[in-house]
Amino acid sequence: MHGPEEAVFLPQGFLWSAVKAGIKASGRTDVALAEAPLGASAAVMFTRNRVAAAPVEVGRAHIKKTKGRVRAVLVNAGNANCATGPAGLQVSKDSCSALGKVLEAAPEFVIPSSTGIIGVPLPLEKLVHAIPEVVAARAASEDALKQFATAIMTTDTRMKLASAEFAAGKKTVRIAGVCKGSGMIHPNMATMLVYLFTDLDAEPGELQTALKTAVDTTFNAISVDGDTSTNDTVLLLASGASKVKLSAVEKKFATALHEICASLAEQVVRDGEGAQHLVRLQITQTKSLEEARTIARSIANSPLVKTAWAGCDPNWGRILSSVGKSGVAIDPGKVNIYIGAQQVCKKGMAHPFDEKKAHEYLKLPEYEIKVELGRGKTSLQFLTCDLTVEYVHINADYST
């Protein structure tokens, strides 16, 4: 599998592009297009936030209407088109109609996405004006995919991309994924904007099963700040251009898709707003995956825990307290906590450890904290980060 710095395994059957429409205050590229000229099967997971943005509502309706067939994805950054009422819904619908007209496709075969500030009307004229240019710029190249990945960024400091390929007899299947996200990231599917492209031949139903499985232990096992966004979308498109059926390579595809989702999820946490440390929470000995995820979220979203990590403070009591408030019926007398190789809590009580050594360990850019619950045989790796002063600055000044 390749990350953003390496050569990209480019799936066949797709075109990408990006242009400047003047929606981002920075003046950078802010409208991106991904097209499957011959159409694609689709699987999608949208935000669970009940305040769902207009493009999420329109995208849900379009996927349902076409029974999982998609021709193009139109993304704008700099404006979330959320909490904008009936006018916002109309903007999303009209932008799909405008793109559909140029591509000679019905509007419901277009999926809209928006990211940026909430509660500000999205200027339809800027979006529509950019459509002929973004269509003219389409290309099936690595550079075009990277332009797409760059245009969808908001507070991200870097482009996020991953790709993989595997053999299927004499044929090759490729998958490439891009995403944006660094704040308002919390595992309540989906957690950001993610677009996955493959040239596999698959039905929407098969893709949906594969996507849900991959997402459960990747995008649904990360948190930057505990906020579930209003616009989050994870979309998987299969063009069929490789002529390889999913049923023939189910295990290989599942492995490759999981690797790409895991890489993108990690890239998001590494780019967490103001984050200095990537924290791998190992939650073990739980009764179920959901139980492990609930406990991990409780730890990862505690400001007390996250600020202790920012100060490299081995305060295991805050972790134990977060386990206790998770709502899971744990027995405190069975809880063990480790900071790296050092056990700091044994059976719910202090265990002698070298505090200076632990403090030095927590200075590393990446480290592991393990929590054993003594309840069952399920474990989960959950990625999160610390909470720094820089995070406060970024989000205090976001709309001003």
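The values are calculated or read from the model by the stated rules, or taken from the named source; none is laboratory data. Treat the numbers as computed from the prediction; the structure is a model and nothing was measured. All Cβ positions, glycine included, derive from the backbone under ideal geometry; neighbour counts span all protein chains shown.
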Could we say that residue 6 is under 26 Å from residue 244 (Cα atoms) and either outside the structural domain of residue 202 (by TED's automatic domain parsing) or acidic (Asp, Glu) (or both) here? yes
Answer yes if at least one residue in region 73-81 is in a loop (DSSP other than H, G, I, E, B) and either charged (D, E, K, R) or within 12 Å of residue 111 (Cα to Cα) (or both), and no otherwise. no
Out of 344, 328, which single residue is in contact with a helix residue (DSSP H, G or I) (Cβ under 8 Å, 6 or more places away or on another chain) and either under 16 Å from residue 281 (Cα atoms) or part of a helix (DSSP H, G or I) (or both)? 344
Quick one: count up the residues across region 308-325 that are buried (at least 17 other Cβ atoms within 10 Å of the Cβ) and among the hydroxyl-bearing types (Ser, Thr, Tyr). 1
Out of the residues in region 148-166 that are under 22 Å from residue 81 (Cα atoms) and not hydroxyl-bearing (Ser, Thr, Tyr), which is surrounded by the fewest Cβ atoms within 10 Å (Cβ to Cβ)? 156
Of the residues in region 356-371, those that are under 14 Å from residue 342 (Cβ atoms) and either part of a helix (DSSP H, G or I) or out of contact with any helix residue (DSSP H, G or I) (no Cβ under 8 Å at 6 or more places or on another chain) (or both) number 9
Output yes when any residue across region 13-26 is β-branched (Val, Ile, Thr), under 18 Å from residue 141 (Cα atoms), surrounded by fewer than 22 Cβ atoms within 10 Å (Cβ to Cβ) and at pLDDT 95 or above, and no when none is. yes
Qualifying position, being in the same structural domain as residue 264 (by TED's automatic domain parsing), closer than 23 Å to residue 258 by Cα, out of contact with any Cys (no Cβ under 8 Å at 6 or more places or on another chain) and of a type in the set (Lys, Arg), among 28, 48, 71: 48
Picked from region 161-201 (must be at pLDDT 95 or above and of a type in the set (D, E, K, R)), the residue farthest from residue 11 (Cα to Cα) is 170
Looking at (1) assigned to a helix (DSSP H, G or I); (2) farther than 18 Å from residue 384 by Cα; (3) within 30 Å of the chain's Cα centre (by Cα); (4) not hydrophobic (A, V, I, L, M, F, W, C), find the lone condition where residue 298 falls short. (2)
Of those in region 28-53 that are modelled with pLDDT of 95 or more and outside any strand (DSSP E or B), the residue surrounded by the fewest Cβ atoms within 10 Å (Cβ to Cβ) is 28
So residue 313 ticks every box in (1) over 23 Å from residue 267 (Cα atoms); (2) part of a helix (DSSP H, G or I) but one. Which box is left unticked? (2)
Which pairs have Cβ atoms under 6 Å, sit 6 or more apart or on different chains, and link a residue in region 357-369 that is touching a residue at least 12 places away in the same chain (Cβ under 8 Å) to one that is hydrophobic (A, V, I, L, M, F, W, C) and surrounded by 14 or more Cβ atoms within 10 Å (Cβ to Cβ)? 358/339; 359/312; 362/312; 363/312; 366/278; 369/281; 369/339
Does residue 289 satisfy the criteria of being outside the structural domain of residue 222 (by TED's automatic domain parsing) and at pLDDT 95 or above? no
